[in-house]
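The values are calculated or read from the model by the stated rules, or taken from the named source; none is laboratory data. The shown structure was predicted, so the numbers you read here are calculated from the model rather than taken from an experiment. Here the Cβ positions follow ideal geometry from the backbone for every residue, glycine too, while neighbour counts run over all protein chains shown. Ligands, DNA and RNA are stripped out before the accessible areas are found, and what is left, the full protein with its side chains, is counted by its heavy atoms. Shrake-Rupley method; radii C 1.70, N 1.55, O 1.52, S 1.80 Å.
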Amino acid sequence: MHRFIARANVDHFIGLLNGNDLTTDKRTGVTGLLIAELDKLAHELENLEFVERKATEGRDRVNQVRNARNGHPFGTTEREQAERLLVSCENLQTVLEDSCRRLRAMINSSSVTISTGPRRNLIE
């Protein structure tokens, strides 16, 4: 249950951070909450895939916003707004990539064995 709540919170906070309507102070606060939720997920191996998926989605979002920004002429209000959104997306992406690195490091430093072979059904 805790994992479900943490994942839902991560999705919610990412949604907020992808928007344009947060002040700098609120963005900082939401980023702190996101990091706290990602840290909660760092204690279970199966959460690595979830966090990596969020990082991949974030990379796609950064590329989309960058392309949108590049579609606006220099010196326009639209370009300035798109530039601010791009900076926000890049900052969020840094948080997501750092979380992936921390989770991988925890897994690599622990005694957890990761099976790469096919799983067998124990109830046949």
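Using a cut-off of 15 Å between beta-carbons, work out the net charge of the residues near Gly71 (Lys and Arg +1, Asp and Glu -1, Gly71 not included).
0
Take every Cα-Cα pair in segment 1-54 and report what % of them are more than 13 Å apart.
For segment 1-54, the share of Cα pairs beyond 13 Å comes to 57 percent.
With N denoting the number of residues in the chain, provide Rg(C-alpha) divided by 2.2 N^0.38 Å, to two decimal places.
My calculation over the Cα atoms of the chain gives 1.29.
Of Leu41, Phe74, Asn18, whose Cα points farthest to the positive end of the dipole of the chain (charges on the beta-carbon: +1 Lys, Arg; -1 Asp, Glu; origin at the Cα centre)?
Leu41
Would you list the membrane-span-like helices of the chain, meaning whole DSSP H runs whose alpha-carbon atoms span at least 15 Å along their axis and whose mean Kyte-Doolittle value is at least -0.5?
2-17, 24-41
Work out the length of the dipole vector of the chain about its Cα centre, built from +1 on the beta-carbon of each Lys and Arg and -1 on the beta-carbon of each Asp and Glu, and round it to the nearest 20 debye.
160 debye
Can you sort His72, His12, His2 by solvent-accessible area, 1.4 Å probe, largest first?
So, going from the largest accessible area down, we get His2, His12, His72.
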